[in-house]
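The values are calculated or read from the model by the stated rules, or taken from the named source; none is laboratory data. All figures in this text were calculated on a predicted structure; none of them were measured in a lab. All Cβ positions, even for glycine, are placed from backbone atoms using ideal geometry, and neighbour counts span all protein chains on display. Please note that ligands, DNA and RNA were not included when accessible areas were found on the heavy atoms of the full protein model with its side chains. Shrake-Rupley method; radii C 1.70, N 1.55, O 1.52, S 1.80 Å.
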Amino acid sequence: MATKGVNDYRPRIHFTTRKGWINDPNGLLYHDGIYHLFYQHYPKDTKWGPMHWGHAISRDLISWEHLPIALEPDELGHIFSGSAVYDRENTTGFASFGKPPIVTMFTHSGETQQQSIAYSTDGVNFTKYAGNPVIKNPGLRDFRDPKVFYNPVRDSWSCVVAAGDRVYFYASPNLIDWVKTGEFGPEGNLCPGVWECPDIFPLKAPNGDEVWVLVVSMTIPLEKGGPKTQYFLGTFDGDAFICTRPFDGIEWIDPGFDNYAAMSYYGEELKDRIVIGWGANWQYAADTPTDEYRGMMTLARKLSLVDTPKGLRLSSAPYDTLGEIMVPTAIIKGEKAIESQVFGLGIEGYHNFAVTLSNEDDEELVFGVNENDEIFIDRSRAGDKTFSDIFASAVFGKVEKKRLYRGAITMEAIFDVSMLEVFADKGTFACAQVVYPTKPYNRIAIEGKAEVTYYDVIL
Ligand code: FRU
């Protein structure tokens, strides 16, 4: 992936498409040692348009190989978001020459939104099922983004579909014939709006209990901070998700503005629950100042559950493969000149401190812990904001989140040309923020009590 100088803003360790628009990650599937990443894509423009599924593969979730477009719009509509599984037992009957298929399930968005499937036995060329749709629209305006998963109670396939202000669950023996088994919402949801891109999976709590996590992206209006991705904790009884551990407030998987439609990898061989989100925000994504491409994905994150003083919470960490390309090369005392625009920082902080990345034009990206015990990322003076009044507005300038812990704090920051991701407090703070510095940042400065290690990223 060649960069054209910093003003191209193209990140190096975050996925971007070569040309055109991207939004949600789709069909995240790990199979045969390969991570597939499909994504919402309009190849002909850097704005949202008739949706296709773009396709890329990786062995480490860091460097990606671009493959041909997997799904194109047709007479049933545009190809909206969805998921993928490997049908090892050929429940669909789509195997060819004994080779089981990869099956994608997605929304056909035309006159109405309905769920359809496509399959491939070579992992590159996909054939849409002739009997599509497999789940017809039940009379809803918003009915989309099927996420297929293995249902351990019924020993069958299940899928969760966003249906207006709630999610519907369906079960199927063969990914073709589906019956509705249940619903979740809107009760229990503290931020009303249209639900999108649901995902559901089990994780082990520290005490060994199995806890099911339901993830839903929420179309929140501008004045309330724009779209974000929420999660609930509970159980799955084979028919539907039941929220058994309600929170006092809304819990986001990321309090920042640039992580939406996060989805987890399906893979029988996977030991970890790995998610990738769209590293952008509907409110300004189309206007961001990149040239032939628009949008990126977040880093792959590993999810787990942690006990906190407020109870059980989701924890996110950069996926293990990132650690393999990061080498500690310096301890920063006060400040350090930098040349690379791709680096990591390991921070041991005490009380309030601030880390500032800055350039010759005094643009500053600042993050740390403030005197109110909040973790913050302030991008309000970090670079170009002229491309969007919304991006430039105060709402989108700063993220602040009250810590769940007190005292010393461990933080990891990864900077990649135009994206900062910060992980702290056992992963209970995980935040992605895009920035557009008009000149490369050439200085890191530390204020307050913090020991900071600089990591080179070896590509
Ligand atoms: C979420 C979303 C999905 C939809 C897709 C369309 O970002 O609105 O609900 O399937 O984008 O591109």
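Karplus-derived 3J(HN,Hα) values for segment 423-429, using 6.51 cos²θ - 1.76 cosθ + 1.60 with θ = phi - 60°, are 10, 8, 6, 6, x, 6, 10 Hz; glycine and proline are entered as x. Considering every alpha-carbon pair of segment 152-238, the percent of pairs per 10 Å bin, from zero through the bin containing the longest distance, is 16, 44, 30, 9, 1. Annotation note: chymotrypsin sites (Phe, Trp or Tyr not before Pro) in segment 110-184 located in DSSP loop regions with a Cβ neighbour count of at most 13 within 10 Å are absent.
Debye calculation, C-alpha points only, no solvent: report log10 I(q)/I(0) for segment 337-459 at q = 0.16, 0.23 Å⁻¹, in the same order as the q values. Evaluating at q = 0.16, 0.23 Å⁻¹ gives log10 I(q)/I(0) of -0.73, -1.45. Restricting segment 156-255 to GluC sites (Glu not before Pro) that sit in a DSSP loop and have at most 15 other Cβ atoms within 10 Å of their own Cβ leaves Glu187. With a/c under 1.5 counting as rounded, go ahead and sort the chain into rounded, prolate or oblate using the C-alpha gyration tensor (a ≥ b ≥ c being the square roots of the eigenvalues; past the cut-off, prolate if a/b is larger than b/c, else oblate). Prolate is the answer for the chain, as a/c is 1.5 or above and a/b outweighs b/c.
Summary value for segment 387-438: 24 percent relative contact order, contacts being C-alpha pairs under 8 angstrom separated by 6+ residues.
Per residue, how large is the accessible surface of segment 15-318? Use a 1.4 angstrom probe and give square angstrom.
Accessible surface, normalised per residue, equals 37 Å².
Between Glu187 and Asn372, the modelled label-to-label distance comes to 3.4 nm, taking each label 7 Å out from Cα in the direction of the beta carbon. For Thr410 and Asp307, calculate 0.36 nm times their separation in residues minus their Cα-Cα distance, and state this gained length in nm to one decimal. Between Thr410 and Asp307, full extension yields an extra 35.4 nm. Over segment 325-457, what is the relative contact order in whole percent, taking alpha-carbon pairs under 8 Å and six or more residues apart? Averaging sequence separation for qualifying contacts and normalising by length gives 43 percent for segment 325-457.
Close amide H partners of Thr229, meaning residues 5 or more places away or on another chain with modelled amide H under 5 Å apart, are Met218, Ile253, Asp254. Taking each residue as 0.36 nm, the span from Ile458 to Ile331 lengthens on full extension beyond its C-alpha to C-alpha distance by 44.0 nm. Each Lys or Arg adds one and each Asp or Glu subtracts one; over the other residues with Cβ under 12 Å from the Cβ of Ala70, this totals -1. When the solvent-accessible area of the chain is split by element, carbon and sulfur atoms take up 49 percent of it, the probe being 1.4 Å.
Show that you can apply the helix-only estimate: for the chain, add -39,500 (n - 2.57) for every DSSP H stretch of four or more residues, divide by all residues, and state [θ] at 222 nm to the nearest 500.
0 deg cm²/dmol
Applying a DSSP loop filter and a limit of 15 other Cβ atoms within 10 Å to the trypsin sites (Lys or Arg not before Pro) in segment 336-407 leaves Arg406. For Asp142, nonlocal amide neighbours, meaning residues 5 or more places apart or on other chains whose placed amide H falls under 5 Å from its own, are Gly164. Annotation for Val179 and Asp122: the two label points, set 7 Å from Cα along the Cα-Cβ direction, are 3.9 nm apart. Sorted largest first by accessible area at a 1.4 angstrom probe radius, with every protein chain in place, the residues Arg59, Arg88 fall in the order Arg59, Arg88.
With a 1.4 Å probe and all protein chains left in place, how much accessible area per residue does segment 325-457 have, in Å²?
41
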